[in-house]
Amino acid sequence: MTARTLYDKIWDDHVVHQAEDGTCLLYIDRHLVHEVTSPQAFEGLRMTNRKVRAPEKTIAVPDHNVPTTLDRANAATMTEDSRIQVSALDTNAKEFGIHYYPVSDVRQGIVHIVGPEQGWTLPGMTVVCGDSHTATHGAFGSLAHGIGTSEVEHVLATQTLIQRKAKNFKVEITGSLRPGVTAKDITLSVIGATGTAGGTGYVIEYCGQAIRELSMEGRMTVCNMAIEGGARAGLIAPDEKTYAYCMGRPHAPKGAAWEAAVAYWKTLYSDDSAHWDKVITLKGEDIAPVVTWGTSPEDVLPITGVVPSPTDFTGGKVEAVQRSLDYMGLTPGMKLADIQIDTVFIGSCTNGRIEDLRAAAAILKGKKKKDGLRAMVVPGSGLVRAQAEEEGLAQIFIDAGFEWRLAGCSMCLAMNPDQLQPGERCAATSNRNFEGRQGRGGRTHLVSPGMAAAAAITGHLTDVREMM
Amino acid sequence: MEKFSKLTGIAAPMQLVNIDTDMIIPKQFLKTIARTGLGKNLFDEMRYNLDGTEIADFVLNQPAYRHAEIIIAGDNFGCGSSREHAPWALLDFGIRCVISTSFADIFYNNCFKNGILPIVMPQEVVDVLMADAKKGANARQTIDLEAQTITTSDGKVFEFDVDAHRKHCLINGLDDIGLTLEKGSAIDSFEKKTAALRPWA
C-alpha cells in the first residue's frame, strides 16, 4: 500500500461514496452543536419532515450567548434574543433526542472543551461543529473542522458531509520550547510565519519534538488556531499521552473495546515516506513569547519587538496594516512591552483549560492585578472550574483581584454581556483580534495565559519571563 | 436555494485583504433564528457610525454601489468564523458573486449553499476587475456560470474554474441534503461495516 499521511488514513476510513469528479461523501462520527449556528438547521429539518439520523452521535451545549456571571440562573441576565437562542437549543435537543448539557449542568462549558472532557472526541474520528474552532479536536488525531449551518443541517439529516479532499501540510516544531514559551506561542508563531491564508486548502499536521512534549491541553491550543492560519483542520498524531487523557472518560470505550480502540489508534500516524504538499519547520528554541499588535492573527511578534510600520509590508497588506494601526491606536516603532492595557481576559476554547489556569495562577500567586484594571478568568467548563477550585487556583485569582466566572465563551466573541467598550484595550488568551471581535471599537492583543497574567500585574504588555 | 446562471450587475471594489466574517456580519447580529433580514447589517461596523448614520465613504454607501451584486475583494475574503450569517447577509443585501484571489475554506463552502458564486482568480485578473469596478455604476460586469466566464464592462473576458458538482447544484438550485439522502443505502452499509470495525465510534 502507498505511504499515507495521518489525514489520508482518517479520510480513507470515512469515505462513504466517491463521485467520479472526486467529490466524496464523508461519514461523521461526532457532531457537536451549539445555540448560535444550529436553530436554522433544526428548523430546516422540521420544514422537510426529516429526523436526526444519529442522535447518539450528536451532542449539544449552549456556550456563546450564555452569561458567565454567578447570577446567570436569573433569566434577566440574558437579553431577549440570547434567551430565545438558548431556549431553541433546549427545545431542539429534547425534540430530536440528542445528548444535551444545559446551562444548569456542571458539565456545561465551551463545546470544544466539553467534547474532549466527556470522551466524545477520540482519535481517528471525524468531528464537526458549526464553529470554526472545531479544529481543537485535531489534538487527538481526529479530523475535526468547522462547518456552516447548511452543513449542520446536512450532517443532522445524513450523518455525512460532502467534501473534497484537502492537501497535506506538515508543520514541524523541532527541539524543545524555552521556559515561559507555550503552545499558544507555537500556534501564533506558525500563523505569523505562514499568514492567515497560508493554510487555505490544506489540513495541517503538527509534529516534531516540541509538539510531542506538549500536554493534551497544549496540543488542543495548537490545533484550535489551525483555522486562524486558514487550514481546514489541524492534526496531531495520537500517542501515550492521548490514550492516557481519553482513558476513563464517560464516553470513551471500556474493557475489550478500549483495547481494540487503542490497537486501531496505534495505526494513526503519517508513514515515513508519505507525500506532503507543503512543509515548514520552526525550531522550538527560537520561539519566543509573542503578542499580536494588529487586527489579524498573523500580526504577531515576540514581546521584545516593536510595532511595525505599513512600509514594512507589500501589496494589499500595506493598506490593511495602516487600517489596523489606526484601529489599534498604535504608532510604528513603539515597544510592544510599553502598550498599556485596560482589561485582561483569561479563558476561551483556546486557553480555558486547567493547564491554562495553572499557568496564569503560577504568575499571579501572591500578587495583585494593577489598580483600575479589569481582569477576569472564565473557565472553559464547569468541570474545569470545579477542578481549579479544588487545586486552590480560584483563590489565587480572587486574591489577585480577578473576577472568577462561570463557564462560557464570554469575552472571546462578546455575544454575551462580557464585552469591551470602544477604545478599551485587552490582553486576551482567546483566538481572534479582529476589529470589533470583543466589542465594537475594542482592541485585542492575543497572548498566552502566563503573558495575560503578567500584563494584569503590570498594566502593560509584559514579557512573562521577567516574572518567573 | 435560488438558481444562479448568468448575472450582469454592479461590482463593488473592496481592496482590503483579510476581510473577516466578523466584519461581514458582527456577532451582535448572530442572535437571530432566521436566515433572512441580515442585509441591513452587512458590514455593519464599517458601514455605520455608532449613532446609526452611514459612513459616507464606505463603498456600499456610495451612490454608485448601493445596488452592487458583485464584490471584487482583496485576498483571503471571508476568513474567521464559520458563521453562515456572512453569506446570508451578503445574499440579503443582494450580492450574488464575490471574486478574490483566495477565500477562507468554510466561507467558500457556505456561499455555494446559498446561491452565491465565489470565484478565485489570479492577482493580475483581480487587479483588472478591481480597476473596472472602480469606474462605478455604469461599469457592469457579467458573470456567466454556464460558460464559466467573467466579462468586464469594456468587454474583456476571463475564464474561471468551478467544481462541476457545485456548478450543477448552483445552476439548478439543488438541495444537497436531498441528493445525499438518495445515497441512503451506501450510508447504511458504511455504518454496518464500521460498527464491526470501530464499535466505539
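Things worth noting here:
- Long-range tail of P(r) for the range A:48-207 (Cα pairs > 23 Å, %): 49 percent
- Convex hull (Cα only) mean projected area of the range A:366-457, reported in nm² to one decimal: 5.6 nm²
- Ranking A:Val181, A:Ile457, A:Thr194 by how far each Cα lies toward the positive end of the dipole of chain A (charges on Cβ) leaves A:Ile457 at the top.
- All-pairs alpha carbon distance profile, chain A, 20 Å steps from 0, percent: 26, 59, 16, 0
- Shielding by partners, peptide A:15-21 (average Cβ within 10 angstrom, other chains): 4
- Packing order of peptides A:380-388, A:319-327, A:274-282, highest average first: A:380-388, A:319-327, A:274-282 (average count of other Cβ atoms within 10 Å over each peptide's residues).
- Building the convex hull from the alpha-carbon atoms of the range A:1-94 and averaging its projection over directions returns 9.7 nm².
- Size estimate for the range A:239-380 follows the Kirkwood approach: the inverse of mean 1/r over distinct Cα pairs works out to 20.0 Å.
- Placing unit charges on the Cβ atoms only, positive for Lys and Arg and negative for Asp and Glu, gives the protein assembly as shown a dipole magnitude near 700 debye about its Cα centre.
- Value of Rg to Rh for chain B (Rh from inverse mean 1/r over Cα pairs, i.e. Kirkwood): 1.04
- Over chain A: helical MRE at 222 nm, DSSP H runs n ≥ 4 each giving -39500 (n - 2.57), nearest 500: -9000 deg cm²/dmol
- For the segment B:42-50, counting C-beta atoms of other chains within 10 Å of every residue's C-beta and taking the mean gives 1.
- Sorted by Cβ density within 10 Å, fewest first, the residues A:Val318, B:Val59, A:Val171: A:Val318, B:Val59, A:Val171
- Once the Cα gyration tensor of the range B:8-61 is diagonalised, semi-axes √(5λ) in Å: 19, 15, 12
- Counting neighbouring Cβ atoms within 10 Å and putting the fewest first, the residues A:Glu213, A:Glu355, A:Glu298, A:Glu80 line up as A:Glu80, A:Glu213, A:Glu355, A:Glu298.
- Across the options B:Ile150, A:Asn92, B:Gly37, the greatest Cα extent toward the positive end of the charge dipole of the protein assembly as shown (unit charges at beta carbon of Lys, Arg, Asp, Glu) belongs to A:Asn92.
- Against the compact-protein benchmark of 2.2 N^0.38 Å, the Cα-based radius of gyration of the range A:334-406 scales to 1.11.
- Cβ crowding within 10 Å averaged over residues, with B:73-85, B:7-19 ranked highest first: B:73-85, B:7-19
- Relative contact order [Cα under 8 Å, 6+ residues apart], chain A, whole percent: 17 percent
- Of A:Leu45, A:Leu26, A:Leu413, B:Leu197, the sequence from fewest to most neighbouring Cβ atoms within 10 angstrom is B:Leu197, A:Leu45, A:Leu26, A:Leu413.
- Rounded to 0.05, the FRET efficiency of the B:Leu179 and B:Leu7 pair, given R0 = 25 Å and the Cβ-Cβ distance, is 0.55.
- Percent of beta bridges antiparallel (DSSP, chain A, rounded to nearest 5): 25 percent
- The range A:363-404: Rg to Rh, with Rh as the Kirkwood radius over Cα pairs: 0.98
- Extended-chain gain in nm, criterion 0.36 nm per residue less alpha-carbon gap, A:Val306 and A:Gln421: 38.9 nm
- Peptide A:149-159 has a mean of 6 when you count, residue by residue, the C-beta atoms of other protein chains within 10 Å of its C-beta.
- Helical mean residue ellipticity (222 nm; -39500 (n - 2.57) per DSSP H run of 4+; nearest 500) of chain B: -8500 deg cm²/dmol
- Linear extension gain, B:Glu124 paired with B:Asn61, 0.36 nm per residue minus alpha-carbon span: 20.0 nm
Read-outs: derived from the displayed coordinates by stated rules, not from any lab. All values derive from a computational prediction rather than experimental measurement. Neighbour counts are summed over all protein chains in view; Cβ atoms, including those assigned to glycine, are modelled from backbone coordinates with ideal geometry.
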